Every structure is written in structure tokens, then in C-alpha cells.
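Okay, structure first, notes after.
Derivation of every value follows stated rules applied to the coordinates shown; laboratory data play no part. The structure presented is a predicted model; accordingly, all values stated were derived computationally and were not measured. All Cβ positions, glycine included, derive from the backbone under ideal geometry; neighbour counts span all protein chains shown.
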Amino acid sequence: MERSYLIKPILDAVYPTIDYGKGVYLYDKNQKDYIDGSSGAVTASIGHGVPEIIKAINDQANKVSFVYRSQFTSEPAERLAKKLSELTPGDLHWSFFVNSGSEATETAMKIAIQYWQEQGIFTKNKIISRFISYHGITLGALSMSGHVGRRERFIPLLEEFPSVSAPYCYRCPFKLTYPSCDLLCASELEKTIQRMGKQTIAAFIAEPIIGAAGGAIVPPEGYYQEIKEICERNDILFIADEVMTGIGRTGKMLAIEHWNVQPDIVALGKGMSAGYTPMAATIVSDRVMEPILQGSKVIMSGHTYSANPQSAAVSLAVLDYIEKLQLIDRGHMMGNYLLHKLATLANEFSFIGDVRGKGLLIGIEFVYDKEKKIPIKLATVVIQKAMEHGLLVYPSSAGEEGITGDAILISPPLVITKEEVDELVTRLKRALVEVE
Ligand code: PLP
């Protein structure tokens, strides 16, 4: 093979060269097929090669692909913002477009701090986040991330944001059991606020279902209701990081809707444009926008490609497609079917400790033995074996040895059929048999 100058995740690893994709399948240059069992990085949520999206790309490119947001607005950007204000719950009416999930969470953090500044409060500039979390790779987003593996090289540059436990019932941080635990993981937030002083805290950020750092960790019932009450009682904004969970991935438009809790700010990415173009957004409530509209009238953030008409048109087409095919309901149904099949499969393997998730965001956590739940590092080998058998799955771990388990995410496109789910599970089983 010719020498490569592309910096890849692992420099000396050999990656297959992709040729094309259709539906839930990807094909490499050797015509080997792969079921995209993770939608790439939980992104390609409507599958590959969708003609409607390709048409939208071409139509917009034939008009204009780029204008700068301080010089022009555009119909696609305006329509996308309106559509998102209708699709998201409550008064989440305002969209700030960016290009990646990291930019979306970092913008959310900045808007939260600005919200207090616009009211003359300059001390509230810390964010509380959870251990076992991932909010992105840029320095602000990484500061909020409880992901040891991704932080460690840059610790001198980062804020100490992660400070409360994750609602991780399978390995309860307090060694308690739900419901007798009285949701100590939620009340810990209030204790932490008291310790740090609420006058110093702008917001609390959380992934409604923990993705890349934990393997689809779903909190216990009542957790988010209590979190929201604590935030309100202490004048702290609640930011839902829905970069992975948003746009139907878990069976609702936003995952936080499973608990009927209203965030003040939401970060979206990944599924927003389903991989067809870089696109992400920070969605802001009327309540948070009000002092900014009354005050400086400028959100101090933005990128060259923010709100570009090309990405906006693609994202609009993706949302229309999801609506037309009712993919959120379908993902919910297929998710239940897949979860059930994977839970049954788990009985056959001693090293599968937990299968969990919602909709088509499902995690499998590996252990030495089911009873003792001792974590085992198996994700890399499972991913490798699955790839050999034509299945893509996604790694998930916060990189904290002995504290979080090693897990994989299974998150196929929402368009997956029952037969394709069956094939996915067959290929996964072939891989797991070789791991045993
Ligand atoms: N937030 C969450 C919950 C994520 O899962 C990710 C990426 O995996 C990000 C933020 C960062 O998004 P990006 O990789 O697009 O910057």
C-alpha cells in the first residue's frame, strides 16, 4: 500500500478503505460489507446514501453553499432554527449553529456564564459536571468532561469541572441500591453546590443517558426531576448535552423528555445532520435569552461555518426525512426489539455483565464474572472481532481503571429493519464466540 500521510486515530493501525454506503450497510474497497451497528460515532442515524438528502445537498449547492453569518442570513438557517424551536420541548426556541458537538457544549457553557453576567452577576462562572461523562474535545468542553483518558495529557490547561457522581446503578458510586439509596447521586449535587457556593456556579451539565464515557448508562427514575429541582432551588442553569442522545436516538426527540424535565440549554450535534455534513447547535430557552436580548444583544461565540446554508439545508432535509418516515417511533420499537435480543444473548456469555439503554442507544458492559462485576478490558478485542465479522460497534469507557467498566455501544441507524437487527445480532454473536 502507498505511504499514508493522514493522521489516523492509531497511527500504525491499518484501516479498511471505505467505498460506499447504502442504508445500514457500508462497503469497503474489497467489497466486504459491514453493518453500521454504531452509525459511525452514533451519527449516521438515517443510514447511508439517502436520495432525499443527496438531492438537498445538490439543490443547495446550486444556489449558494456559504455566506458568513455576520453578513447574511439564509432561508435554510432560518427554517432550521424555526423547525428546531417546534421540535424541542417548552421554550427552547433559539438556535445557535456550530459545527461539532464540542462547539455546541462549549457554546452552552459560555452562554450560561453570559446569562449571569448580563444580570450583573460576575461570580457565577463555574460549571458542575459529572465523573464518567464526555462533553467534547476542545479545552472548554474537555474541562467539563469526566473522561480520564481524554483529559490526562491536558490537565494543566483544564478547569476542575467534574465534581459529582454519575447515576450509575450497575456500579453505584455509593454502593447502594435503588430505590433505598434515596437517589444519593442526585442529592450529592446539592451538597456540592453548597460546598462550592452557589454564587460561583453558572450551570450543571449532563448527558441524559451517558454515552461514550459509560456505555448507555440510564439514570434511575426520579433522578432528573430531583436534579432539576436542585438547580432551580440554587439558581443554577441545567444544560442537557444531547449531542449523542438527541434527534430521536433514544426513542424521543430529546432523551431528557423521557423524564419530562425542561432544560434551560440543550447541545445537539451528530444526528442533527446524520453525518451528511458537519452541523451542531446550542438551543437556548426564552428564559436564558431574555437578559441577553435586553442586555448586550451579542452572544460572544461563533465560528466561520456557523449557520452556513449548505449544512442548514442538509439538516432540514434530515429532520424532514425523520418526520416523513416516523423514524423516532420506529427507532423506539426497533430499540426494544434489539435490547431484548441482546439481553437474551448476554445469558450465553459469562463476560457480559450488563445490557442497558433506551431506543437505539444500547450499551454492553464486560466483566470477569457476572456476580463480582470485576471490570475486564474487552471492548477493543470485541470491536476488532466484530469488524472482522462485518459489524461496526463503538467503544465506551471513561478510562478510569477499576471504576468504570469497559463497554461497547450498539446504535445502528434508526432505519434498521427487524431482519437487519437479526443479522446484526448474528454477527455480534460470531464475534463474541471468538472472544470467549
Ligand atoms: N457531547 C457528547 C455527549 C458526545 O457524545 C460527544 C461526542 O461523542 C460530544 C459532546 C462531542 O462531539 P464532537 O465529537 O462532534 O465534537
Tell me the GluC sites (Glu not before Pro) within region 89-187 that lie in a loop according to DSSP and have at most 10 other beta-carbon atoms within 10 Å. GLU160
Cut-off under 19 Å on the C-alpha distance; same-chain residues fewer than 8 positions from LYS29 excluded. Which lysines are left, in chain and number order? LYS8
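Looking at region 116-165, which chymotrypsin sites (Phe, Trp or Tyr not before Pro) are DSSP coil and have at most 12 other C-beta atoms within 10 Å of their C-beta? Before the final figure, lay out each step's value.
Values: sites: TRP116, PHE122, PHE131, TYR134, PHE154; in loops: PHE122, PHE131, TYR134.
Filter output for region 116-165: PHE122.
Are there GluC sites (Glu not before Pro) in region 363-421 that DSSP marks as loop and that have at most 16 other Cβ atoms within 10 Å, and which are they? Walk me through the numbers on the way to the answer.
Numbers: sites: GLU365, GLU371, GLU388, GLU400, GLU401, GLU419, GLU420; in loops: GLU371, GLU400, GLU401.
The qualifying sites are GLU371, GLU400, GLU401.
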Set of lysines with alpha-carbon distance to LYS191 below 28 Å, sequence-local pairs under 8 removed: LYS110, LYS124, LYS126, LYS175, LYS228
Proximal charge balance of ASP19 [Cβ under 15 Å; K/R count +1, D/E count -1]: 0
Could you identify which residue out of THR245, THR304, THR88 has the top mean-square fluctuation in a GNM of the chain using Cα springs shorter than 10 Å? THR304
I want the local charge near TYR34. Using Cβ-Cβ distances under 15 Å, sum +1 for each Lys or Arg and -1 for each Asp or Glu among the other residues. -1
Give me the lysines in straight-line cross-link reach of LYS83: C-alpha distance below 22 Å, same-chain residues under 8 apart excluded. LYS55, LYS63, LYS252, LYS270, LYS324
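Roughly what % antiparallel, to the nearest 5, for the DSSP beta bridges in region 54-324?
Details: 11 of 23 bridges.
Roughly 50 percent of the DSSP beta bridges within region 54-324 come out antiparallel.
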Hey, rough spin-label estimate for LYS373 and ILE10, points 7 angstrom out along Cα→Cβ, what's it come to in nanometres? 2.9 nm
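Compute the Cα gyration tensor for region 93-251, then decide on rounded, prolate or oblate, letting a ≥ b ≥ c be the square roots of its eigenvalues: rounded whenever a/c is under 1.5, prolate when a/b is larger than b/c in the other cases, and oblate in all that remain.
Details: a/c = 1.40, a/b = 1.18, b/c = 1.19.
Judged from the Cα gyration tensor, region 93-251 comes out rounded (a/c under 1.5).
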I need two numbers for region 54-324: Rg to one decimal and Dmax as a whole number, Cα atoms only, in Å. 18.4, 61
Tally Lys/Arg at +1 and Asp/Glu at -1 over every other residue whose Cβ is under 13 Å from the Cβ of MET300; what's the total? 0
